[in-house]
1. What is the mean number of Cβ atoms from other protein chains located within 10 Å of the Cβ atom of each residue in peptide B:141-151, rounded to a whole number?
2. Excluding residues fewer than 8 places away in the same chain, name every one of the aspartates and glutamates whose C-alpha is closer than 15 Å to that of residue B:152.
3. Packing-wise, with mean Cβ within 10 Å as the measure, how do A:268-275, A:197-204, A:63-70, B:93-100 rank, highest first?
4. Could you tell me which residue out of B:197, A:140, A:229 lies farthest along the dipole of the protein assembly as shown toward its positive end? Charges go on the beta carbon: Lys and Arg +1, Asp and Glu -1, centred on the Cα centre.
5. Taking the simple approach of a point 7 Å from Cα along Cα-to-Cβ for both residue A:224 and residue B:197, what is their distance in nm?
6. Looking at the protein assembly as shown, what % of its DSSP beta bridges pair antiparallel, to the nearest 5?
7. Taking +1 at the Cβ of each Lys and Arg and -1 at the Cβ of each Asp and Glu, which of B:187, B:128, B:90 sits farthest along the dipole of chain B towards its positive end, judged by Cα position relative to the Cα centre?
8. About the Cα centre, and with charges only on the beta carbon of Lys, Arg (+1) and Asp, Glu (-1), how big is the dipole of segment A:74-144? Nearest 20 debye, please.
Amino acid sequence: MNKLDHIQAETAAFHHAPFNEETFRGDYSFHNSAKGIKRFPYPFEQDHYMYSVNIEPHQPGKPGAITEHAFDIDEHYVAECEDKRMTLEQDAGRYAALPHMMDAQWDFLELTMESLARDYPQYFSLLKDGERWTWHNSVLGISDSFIFGDASTLPMEPFEYMGRQTQGDFVLLDQREGTLFADAGFITSQADWSLAFDIGMSWHEWHGPVPQVDKMGIMDRALKFLMSLQQGKPVRRLNWTMTVNPRLDTSPEHYPEWGPDRLTVTAENAGQKAHLRVELQAMFRLPRSNAILFSIRCYLLSLEDMATQPKWIKRFHRVIRDLHPDLLEYKGIKVYHEPLLQWLAPHDDGAVLSEGAQLD
Amino acid sequence: MQAGYWIRSKPIYGGLQWQHKAQAHVIIASGEGGRAVLRLLQQQLPPQAIKVLYLPEAQADHSHALRHMLQDVLGLDLASALSRHDTAAALWLALDEVLTASRMGTRIYAAGDEAFLWQVAAQAALHGVLNADIMREQAASLARAVYCVHCKTISHHVNTNIATCSGCQRQLLVRDHFSRRLGAYMGLMIDAEEPGNVPDILEIYP
């Protein structure tokens, strides 16, 4: 008890922490600070985009970069956790775990608690007394003591418990029969795929709807790579799509709510309405279960904010202009492609841009 | 169908063929699937025990032909080779009993409409049988079971590219994305972006 009081006193000083007051629905008051724009994971290294197995080690990046820590906690933390809570309240099926995944659930809890407490000691703390662990999240005001390995001592299943307190979506992949199965998920900010439908699917079934990749053998190579992923050597890649309005919950379940937004994009409002949505996908081998954690952390950037960085907006114009028709369809851009290009074109003077995604 | 590319979760079915490395053979069929079983029985018979579980349907009852084939032509003991059931519940109970008693190396064959094939898979999974270890033949109808991603209801016997959800009444585009666990294709509201803009409804899964 003394230890905990001490921690609480220590963390109380951070209650005015720099988290945005904002929403990802309704009035869509989501916004990026100038710092948030600069650290945005801009994914385009060249003027043309096609899939590749762009996997690299998930090593700590520079201080302040989104890759500085295993799990990035940023200015959107509080609003995103609140959005998760609302989505789960509307549709409990966004969290699902098949019964054989309990070891992987504890692996997930351990990895996230240890990472957050180590990397953000001003917000989170973890005390271990044998199997009795005490977790303290001073940002969300959560404090719980529980027995590691005994789910009945937590208010909910361990995967859901930490899924609610960590930004991003999470899938736990079970490795068997020469492939990976999506056997548990916490999915509240997905780019149009359904956990309730896809749970239990094998790697190739789950990625079935992704166009253009099959003939390139990308999924086979990515699977082979992931099957041999080693503990302590996580990897990452970036993926992207576009979203109209800064909405995290672009699920097929709620498609009737957000689908019509695509028709509201005009050459005048595209700068505020259209957002580049980048996923930082990181993959970790888990020690007890031998499962793989697939984390999908979503970053949103309005085109107006992107235009503060000339290299980014010029290149984006070229990427969107020349994107393969199958990808335009798959990413849902086709219906507003024209007004989008009308907004982008004046930002692009055709100048030759340097290779790589970094800002000049 | 989705134009331009093929969705890899869409199961592809062939015709039933004996798996000769086996301890025993369990064949389960409904309705028109009985004809697929008769075709299988025309192939050179394996030496191991054969058991056929059959659920006839009003429009497709091959019980007589199966009985003649197994008993009169192949000379098998009908009591052990054929069990015919009048209800689906009785069929699943019988399958459970057979799988409980069966050993490693029992081959499983399923023939019927698509929803039936994946019901067999779900039942067999309770006994540790993997999807990959079941042979399947989609007999007769191409009708689809469609899972509404919005209200989570499954509509059965869908013959068209767009179907009305039996739960929420939305008009659903029937995609090729298939869940083996649910035994159903994904249905996604077709006119969400522009309410009322529904393309022609075409019978393409007769």
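Nothing in this text is a laboratory measurement; each read-out follows from the coordinates by a stated rule. Please read these numbers as outputs of a predicted model, since none were measured by experiment. Counting neighbours? That spans all protein chains shown, and the Cβs are built from the backbone with ideal geometry, glycine included.
1. Mean partner-chain Cβ count within 10 Å for B:141-151: 2.
2. Of all the aspartates and glutamates, those that pass the test against residue B:152 - Cα under 15 Å, at least 8 places apart if same chain - are A:91, A:198, A:253.
3. Result, highest mean first: A:197-204, A:268-275, B:93-100, A:63-70.
4. Of the listed residues, the answer is A:229.
5. My value for the distance between the label points is 4.3 nm.
6. Around 70 percent antiparallel, to the nearest 5.
7. B:128
8. 140 debye
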